[in-house]
1. So is residue 21 over 13 Å from the mean Cα position of the chain (by Cα) and either outside any helix (DSSP H, G or I) or more than 23 Å from residue 109 (Cβ to Cβ) (or both) or not?
2. Determine whether residue 109 is assigned to a helix (DSSP H, G or I) and at pLDDT below 90.
3. Specify which of the listed residues (84, 92, 74) is modelled with pLDDT of 90 or more and not in a helix (DSSP H, G or I).
4. What's the number of the condition residue 59 fails, among (1) over 30 Å from residue 106 (Cα atoms); (2) assigned to a helix (DSSP H, G or I); (3) at pLDDT 90 or above?
5. Select from region 24-39 the residues that are at pLDDT 80 or above and either more than 22 Å from residue 62 (Cβ to Cβ) or in a helix (DSSP H, G or I) (or both) and list them in ascending order.
6. Of all residues in region 62-87 being without any contact (Cβ under 8 Å) to a residue 12 or more places away in the chain and surrounded by 14 or more Cβ atoms within 10 Å (Cβ to Cβ), which is farthest from the chain's Cα centre (by Cα)?
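The values are calculated or read from the model by the stated rules, or taken from the named source; none is laboratory data. Just so you know, these numbers come straight off a predicted model, no measurement behind them. Glycine gets a Cβ as well: all are built from the backbone with ideal geometry, and neighbour counts include every protein chain shown.
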């Protein structure tokens with residue numbers, strides 16, 4: 001039953017972002033940039049495991065992977081200036097972020 005609540009919370013957060021972004025893209029981006037989901041995931045992990053070592057590692061991995069995923073937004077941010085469609089920019093961003101994150105996952109040592 002707890003998983004249902006997390007799905008509902010995630011859906012609610014997405015709805016808030018979309019509602020806000022329709023009226024003001026800057027505020028929508030602000031709401032989206034809040035690490036609320038990461039915080040909730042860490043709280044849930046802590047409640048389930050009470051393992052500080054695992055939670056700390058989870059936080060370090062998140063801290064590393066978030067910046068590596070940010071290149072996804074670059075093509076979308078400049079799609080209008082580059083004259084490319086939404087789906088083309090989305091696909092390019094997905095490839096760029098996949099290479100960035102995938103390269104780190106492939107070459108970084110796992111402990």
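1. Values: over 13 Å from the mean Cα position of the chain (by Cα): yes; either outside any helix (DSSP H, G or I) or more than 23 Å from residue 109 (Cβ to Cβ) (or both): yes.
Yes, satisfied.
2. Values: assigned to a helix (DSSP H, G or I): no; at pLDDT below 90: yes.
No: the conditions fail for residue 109.
3. On the way: 92 fails: not in a helix (DSSP H, G or I); 74 fails: not in a helix (DSSP H, G or I).
Residue meeting the stated conditions: 84.
4. So the condition that residue 59 fails would be (1).
5. Taking region 24-39 and keeping what is at pLDDT 80 or above, we get 24-33, 35, 38-39.
Within region 24-39, 24, 25, 26, 27, 28, 29, 30, 31, 32, 33, 38, 39 qualify.
6. Per the criteria, the residue is 84.
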